[in-house]
C-alpha cells in the first residue's frame with residue numbers, strides 16, 4: 001500500500017502547485033534574465049505550464065517513492081531542449097529555482113522526502129538526453145511487417161494496414177506472434193515517434209485506433225480453447241486512456257481459457273468495485289501507462305483491499321510504467 005506520509009505530501013504538492021509555479025518562474029527570471037529574451041513574449045505562460053507539469057510528475061514520484069518518475073520527466077524536457085537547440089542552462093536554472101522554492105516554503109520534514117527526488121531531477125538535466133531513433137529492426141523476423149503496417153497507417157491507407165495483418169493471420173501466423181512481435185512493437189514505435197516529435201498526437205491516435213480495429217478483427221482467428229472456469233477482470237486505472245496493451249493481455253487470458261471481463265479504459269473506482277464484489281473474480285488485471293496515474297493506481301488497489309469480500313483478490317499490474325519501475329507492485333500493494 002502507498003505510504004501514508006508520502007501520499008499526503010504528494011497531494012500537498014498538487015494543492016500548492018498553483019502558487020509554487022509562479023514563484024519558481026519569477027525567481028527563474030531573476031537569476032536567468034536571458035530566458036525572457038530567448039522565449040519572447042510568451043516566455044512566462046510557457047514556463048508556468050512547464051513547471052506545473054513537472055510538479056505533477058514530482059507529486060506522483062513522491063507518492064510511490066520512486067525519484068525516477070520525476071527524473072524521466074526532466075530527461076524528456078532536456079531532450080526537447082536539445083532537439084530545438086535551446087541551451088540546457090535555462091532548464092537547469094528552472095530546476096534549481098523549483099528546488100529552492102520547495103525547500104524554502106515546505107516544512108523540513110517534507111524537504112527531507114523531496115530532496116532525493118529534486119536532486120534526481122537536477123541530475124537528469126545533464127544526463128545524455130537524445131531521443132533514440134527508430135527501434136524496429138527490419139531484419140527481425142517480423143520487423144518488415146511492423147514497418148509496413150506503420151507506413152500504411154501513417155500514409156492514410158488504413159485498409160491496407162489492416163490487410164497486412166489479416167493476410168498474415170490467414171497464412172497461419174499465430175495470434176500470439178502478431179500480438180507480441182508486430183502490434184506491440186508498432187505501438188511502442190509510434191509512442192517513441194510522438195515523443196521525438198516525428199508524428200503528431202493525431203497520428204499517434206490514428207495508429208492506436210487502427211490497432212484496436214485490427215485486434216477486433218483478429219478475434220475470428222483465436223484458437224479453440226476449453227474453458228477453465230477461471231474469471232478475470234481487466235481494466236485500466238482511472239484517468240488512464242491508453243488501453244490497447246490491456247486489451248491484448250485480456251485477449252491472451254481469453255485464449256488460455258479464462259472468462260475475461262474487459263472493461264476498457266478509465267473506469268471509475270466505485271463502478272469497478274461493484275463488478276468485483278459479486279461474484280468475485282479469480283484475478284484483477286490493471287494497466288497503467290502514464291506515470292501521472294501511479295497514485296491513482298495505489299488508491300484503487302487500497303480500495304479493493306478495503307472490501308472484505310475481495311481483500312485477498314490477486315491483483316496483477318502492468319503497462320509501460322511497470323516496465324520502467326519493475327518493483328512498483330511492491331509499493332502499491334499488488335501481487
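Among the residues of the stretch 192-220, those that are in a helix (DSSP H, G or I) and touching a residue at least 60 places away in the same chain (Cβ under 8 Å) comprise 192, 195. If a residue counts only when it is touching a helix residue (DSSP H, G or I) at 6+ places or on another chain (Cβ under 8 Å), free of Cβ contacts under 8 Å to residues at least 60 places away in the same chain and surrounded by fewer than 19 Cβ atoms within 10 Å (Cβ to Cβ), which helices (runs of 4 or more DSSP H) contained entirely in the stretch 225-335 have at least 2 such residues? Counting at least 2 such residues, we get 269-277. Checking each residue in the stretch 152-173 for being assigned to a helix (DSSP H, G or I) and more than 12 Å from residue 206 (Cα to Cα) picks out 159, 160, 162, 163, 164, 165, 166, 167, 168, 169, 170. Got at least one residue in the stretch 39-49 being at pLDDT below 95 and either in the same structural domain as residue 328 (by TED's automatic domain parsing) or part of a loop (DSSP other than H, G, I, E, B) (or both)? Checked the stretch 39-49: no residue is at pLDDT below 95 and either in the same structural domain as residue 328 (by TED's automatic domain parsing) or part of a loop (DSSP other than H, G, I, E, B) (or both). Is it the case that residue 200 is outside the structural domain of residue 53 (by TED's automatic domain parsing), surrounded by fewer than 18 Cβ atoms within 10 Å (Cβ to Cβ) and within 30 Å of residue 257 (Cβ to Cβ)? So residue 200 fails the test.
When residue 130 is tested against (1) modelled with pLDDT under 95; (2) assigned to a helix (DSSP H, G or I), exactly one condition is not met: (2).
So for the stretch 57-78 (the condition being surrounded by 22 or more Cβ atoms within 10 Å (Cβ to Cβ), part of a loop (DSSP other than H, G, I, E, B) and in contact with a helix residue (DSSP H, G or I) (Cβ under 9 Å, 6 or more places away or on another chain)), does at least one residue qualify? Scanning the stretch 57-78 turns up at least one residue that is surrounded by 22 or more Cβ atoms within 10 Å (Cβ to Cβ), part of a loop (DSSP other than H, G, I, E, B) and in contact with a helix residue (DSSP H, G or I) (Cβ under 9 Å, 6 or more places away or on another chain).
Against the list (1) under 25 Å from the mean Cα position of the chain (by Cα); (2) surrounded by fewer than 14 Cβ atoms within 10 Å (Cβ to Cβ); (3) not in a helix (DSSP H, G or I), the condition residue 176 fails is (3).
Out of the residues in the stretch 97-127 that are outside any helix (DSSP H, G or I) and touching a helix residue (DSSP H, G or I) at 6+ places or on another chain (Cβ under 9 Å), state the one that is modelled with the lowest pLDDT. Taking the candidates together, the pick is 127.
The values are calculated or read from the model by the stated rules, or taken from the named source; none is laboratory data. Computed from a prediction, not measured in an experiment: that's the story for all the values here. Counting neighbours? That spans all protein chains shown, and the Cβs are built from the backbone with ideal geometry, glycine included.
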